[in-house]
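Written below as C-alpha cells is the structure these notes are about.
The values are calculated or read from the model by the stated rules, or taken from the named source; none is laboratory data. Keep in mind the model is a prediction, meaning the values are calculated, not measured. Neighbour counts run over all protein chains shown; Cβ positions are idealised from the backbone, glycine included.
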Amino acid sequence: MFDLVPLADMPAGEVESLLDAAFGTDRHGRTAYRVRAGMRAIPELSFAAVEGGTLVGSIQCWPVALACDDGSRVPMVMVGPVAVSPARQNVGIGRALMWKAIEVAQPRGEPLMLIGDPEYYAQFGFDAEATGQWRLPGPFEQRRLLARDRAPDRAGMVGPR
Ligand SMILES: CC(C)(COP(=O)(O)OP(=O)(O)OC[C@H]1O[C@@H](n2cnc3c(N)ncnc32)[C@H](O)[C@@H]1OP(=O)(O)O)[C@@H](O)C(=O)NCCC(=O)NCCS
C-alpha cells in the first residue's frame, strides 16, 4: 500500500526523475509547462505517493488565472503533472492523488483546470464544456483542456495570477 505525503517531503531530484519516467525528458516544451513558467507550485496542494520509502507518484497544483477579454480575472488552480511510476500504474495511485488534491483544494473555492485526457479525468468531474474560448501560450487540443467547479465560460488567456 502507498501513503500520500506532502511533495515537499521528497527530494526534488527524485520527483524530477519520476516525471521524466512518466512523461519523457522532452516534457519541458509542453504547453502546460509554458503556462506554469516561473511559478511555484502550491505546497499544500502538492503530494507524493510513497510505497516502502520509494516515490511512486506525484501531483502538483499551480496558482493560475483566466485573464478574461472583458477585463475580469478569475483565479484558478492548475492541476498537474499527475505522474505515476510506470511500474506502479493502474493500481489506483493516480486516482488517490487526484482525489486528495481535489479534496484539499475544494475549500479555496477556485475552479480547477488541467490539460489531459478526458477519458481519464472525467471520473473526477472534469470536462471541456467551459473551456471553448480559453487560450494557452502554446498548442493544445481543446478537447484536452478540462475544468470543473463552475469554471468561467468566458474568452481569455490562462496564465499567471
Ligand atoms: C495517467 C496516470 C496519472 C494514471 O495514474 P494510474 O495510477 O496509473 O491510474 P489509476 O490506477 O488511477 O487508474 C487506472 C485506470 O485509468 C485508466 N487510464 C490510465 N491512463 C489513462 C488515459 N490516459 N486515458 C484513459 N484512461 C486511462 C487505466 O486504463 C485504468 O482503467 P481501469 O481502472 O478501467 O483498468 C498514470 O498512468 C501516468 O502517470 N501515466 C503517464 C503520464 C501520462 O500519460 N499522463 C496522461 C494524463 S495527462
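Looking at the stretch 135-161 only, could you name the residues that are away from the ligand (no atom under 16 Å from the Cβ), of a type in the set (D, E, K, R) and surrounded by 13 or more Cβ atoms within 10 Å (Cβ to Cβ)?
Arg135, Asp149, Arg154
Kindly indicate the residue of the stretch 65-75 that is in contact with a Leu (Cβ under 9 Å, 6 or more places away or on another chain) and outside any loop (DSSP other than H, G, I, E, B) and also farthest from Ala155 (Cα to Cα) among those meeting that condition. Reasoning before the result, please.
So in the stretch 65-75, the residues in contact with a Leu (Cβ under 9 Å, 6 or more places away or on another chain) come out as 72-75.
This time we only want the ones that are outside any loop (DSSP other than H, G, I, E, B), so: 73-75.
Working: Arg73: 11, Val74: 11, Pro75: 14 Å.
Checked the stretch 65-75; the qualifying residue farthest from Ala155 (Cα to Cα) is Pro75.
Quick check on Gly132: is it away from the ligand (no atom under 14 Å from the Cβ), in a loop (DSSP other than H, G, I, E, B) and small (Gly, Ala, Ser)?
yes
Keeping to the stretch 14-29, report how many residues are within 12 Å of the ligand (Cβ to nearest atom) and assigned to a helix (DSSP H, G or I). Even if it seems obvious, please write down each step before you answer.
If we filter the stretch 14-29 for residues that are within 12 Å of the ligand (Cβ to nearest atom), which is where we start, we get 18-24, 27.
Okay, now just the ones that are also assigned to a helix (DSSP H, G or I), so 18-23, 27.
Residues that pass the stated criteria total 7.
Checking the conditions here, which among Ser85, Ser46 is farther than 22 Å from Val158 by Cα, among the hydroxyl-bearing types (Ser, Thr, Tyr) and surrounded by 14 or more Cβ atoms within 10 Å (Cβ to Cβ)? Spell out the reasoning first.
Numbers: Ser46 fails: farther than 22 Å from Val158 by Cα.
None of the other options fit; the residue is Ser85.
What pairs come up if the first residue lies in the stretch 101-130 and is closer than 24 Å to Ala155 by Cβ, the second is buried (at least 18 other Cβ atoms within 10 Å of the Cβ) and among the polar types (S, T, N, Q), and their beta carbons are under 9 Å apart, counting only those six or more places apart or on different chains?
Met113/Thr131
Out of (1) touching a residue at least 60 places away in the same chain (Cβ under 8 Å); (2) closer than 13 Å to Gly80 by Cα, the odd one out for Ala41 is which?
Looking at each condition in turn, Ala41 falls short on (1).
Only one of Ala8, Ala32, Ala48 is more than 16 Å from the ligand (Cβ to nearest atom), among the small types (Gly, Ala, Ser) and touching a residue at least 24 places away in the same chain (Cβ under 8 Å); which?
Numbers: Ala32 fails: more than 16 Å from the ligand (Cβ to nearest atom); Ala48 fails: more than 16 Å from the ligand (Cβ to nearest atom).
Exactly one of Ala8, Ala32, Ala48 is more than 16 Å from the ligand (Cβ to nearest atom), among the small types (Gly, Ala, Ser) and touching a residue at least 24 places away in the same chain (Cβ under 8 Å), namely Ala8.
For the stretch 96-129, how many residues meet the condition of being within 9 Å of the ligand (Cβ to nearest atom) and either part of a strand (DSSP E or B) or closer than 16 Å to Phe47 by Cα (or both)?
Selection size over the stretch 96-129: 5.
All but one of (1) near the ligand (Cβ under 10 Å from one of its atoms); (2) within 16 Å of Arg144 (Cβ to Cβ); (3) among the β-branched types (Val, Ile, Thr) hold for Val56; state the number of the condition that does not hold.
The failed condition is (2).
Does the stretch 77-86 include one or more residues that are modelled with pLDDT of 95 or more, among the hydroxyl-bearing types (Ser, Thr, Tyr) and more than 22 Å from Ala41 (Cα to Cα)? Explain how you work it out, then say what you get.
So in the stretch 77-86, the residues modelled with pLDDT of 95 or more come out as 77-86.
With among the hydroxyl-bearing types (Ser, Thr, Tyr) added as a condition, the list becomes 85.
Those left that are additionally more than 22 Å from Ala41 (Cα to Cα): none.
No.
Looking at the structure I just gave you, is Met78 in a helix (DSSP H, G or I), within 16 Å of the ligand (Cβ to nearest atom) and surrounded by 20 or more Cβ atoms within 10 Å (Cβ to Cβ)? Reasoning before the result, please.
Working: in a helix (DSSP H, G or I): no; within 16 Å of the ligand (Cβ to nearest atom): yes; surrounded by 20 or more Cβ atoms within 10 Å (Cβ to Cβ): yes.
Spelling it out, it is not the case that Met78 is in a helix (DSSP H, G or I), within 16 Å of the ligand (Cβ to nearest atom) and surrounded by 20 or more Cβ atoms within 10 Å (Cβ to Cβ).
Somewhere in the stretch 86-94, is a residue of a type in the set (S, T, N, Q) and near the ligand (Cβ under 7 Å from one of its atoms)?
Taking the stretch 86-94 as the starting set, the residues that turn out to be of a type in the set (S, T, N, Q) are 89-90.
Filter once more, keeping what is near the ligand (Cβ under 7 Å from one of its atoms): 89-90.
The answer is yes, given that some residue of the stretch 86-94 is of a type in the set (S, T, N, Q) and near the ligand (Cβ under 7 Å from one of its atoms).
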